[in-house]
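Asks: One structure coming up, written as structure tokens, with questions to follow.
Bear in mind that the values in this text are calculations on the coordinates, not laboratory data. Remember, predicted model here, so these are calculated numbers, not experimental data. FYI the Cβ positions are ideal-geometry reconstructions off the backbone, even for glycines, and counts take in every protein chain you see.
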Amino acid sequence: MSGPEDDATVVERAREDREDEKKVVDALRKDGTFEKFRKRVMEEDELKAYVAEAVTNSKTLGSRHSAHMSEKELVDALREEMEDSLMTQFAKHAWGAMCDESGGIGREMYEAVHEMRERVAREGEPPPPRE
């Protein structure tokens, strides 16, 4: 059975690991990696087709009242009608793309995170001795 000292060591190591992961995520945000992947997911044809179909089948746009709505009223009505389904579709698609480490965006993200982890780990190491 492990004693309190062992537990404290485990807790400290877990805390350090979390801090390292935060550094990795922050570095990926700062260098634009996440934004690049977000844009690529948003540009996928499957999502564009889903949005186009949602707009085509919109009850708001098909109503007689839409011609008399202000731009703000129309946008608000469209948001109310479509936001949940569109956000759900985007989230499912993005999650699927990110979790597929075999290729595409998922593989690129895996490699970017791995590379950044190595970079962050190197930054935390003491400098090599001078000769």
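Asks: At 7 Å along the Cα-to-beta-carbon direction for both Tyr110 and Glu123, put a label point, then send me their distance in nm to one decimal.
Replies: With each label placed 7 Å out from Cα toward Cβ, I get 2.5 nm.
Asks: A further question on this structure: Beyond 26 Å between alpha-carbons counts as too far, so tell me which of Lys39/Lys92; Lys39/Lys59; Lys36/Lys72; Lys36/Lys92; Lys22/Lys48 fall in that bin.
Replies: Among Lys39/Lys92; Lys39/Lys59; Lys36/Lys72; Lys36/Lys92; Lys22/Lys48, the Cα-Cα distance tops 26 Å for Lys39/Lys59; Lys36/Lys72; Lys22/Lys48.
Asks: What are the extents of the Cα atoms of region 1-62 along their three principal axes, listed from largest to smallest and rounded to whole Å?
Replies: The principal-axis extents, from largest down, are 68, 29, 18 Å.
Asks: At 0.36 nm per residue, and after removing the present C-alpha to C-alpha distance, how many nm does the segment from Val10 to Thr88 gain when stretched out fully?
Replies: Extra length available between Val10 and Thr88 comes to 24.3 nm.
Asks: By how many degrees, 0 to 90 and rounded to 10, does the Cα axis of helix 4-30 deviate from the longest principal axis of the chain?
Replies: Between helix and principal axis, roughly 50 degrees.
Asks: Next up: Choose one of His65, Gln89, Val120: the residue whose Cα lies farthest towards the positive end of the charge dipole of the chain (beta-carbon charges +1 Lys, Arg; -1 Asp, Glu; about the Cα centre).
Replies: Most positive-ward Cα: His65.
Asks: Any idea what angle helix 33-42 forms with the longest principal axis of the chain, computed on alpha-carbon atoms, 0 to 90 degrees, nearest 10?
Replies: 30 degrees
Asks: Separate question: Separation of region 80-128 and region 30-50 by C-alpha centroid, Å?
Replies: First find each Cα centre; the distance between them is then 11 Å.
Asks: Now for a separate question. Do any GluC sites (Glu not before Pro) in region 20-84 lie in a DSSP loop with no more than 16 other beta carbon atoms within 10 Å, and if so, which?
Replies: Working: sites: Glu21, Glu35, Glu43, Glu44, Glu46, Glu53, Glu71, Glu73, Glu80, Glu81, Glu83; in loops: Glu43, Glu44.
Answer in residue order: Glu43, Glu44.
Asks: Apply 1/(1 + (r/R0)^6) to the Cβ-Cβ distance of Asp26 and Tyr50, taking R0 = 35 Å, and write down the FRET efficiency to the nearest 0.05.
Replies: Numbers: r = 32 Å, r/R0 = 0.91.
Once rounded, the FRET efficiency stands at 0.65.
Asks: Continuing with this model, one more query. Whole-Hz ³J(HN,Hα) for each residue in region 76-93, computed from phi via Karplus 6.51 cos²θ - 1.76 cosθ + 1.60 with θ = phi - 60°, x for glycine and proline: what do you get?
Replies: Using θ = phi - 60°, the values come out as 4, 5, 5, 4, 4, 6, 10, 3, 4, 5, 5, 5, 5, 5, 4, 5, 4, 5 Hz.
Asks: Now a separate question. Of the labelled options (1) 145; (2) 214; (3) 116, which one gives volume of the Cα convex hull per residue in Å³ as computed for this structure?
Replies: Given (1) 145; (2) 214; (3) 116, the structure-derived one carries the label (2).
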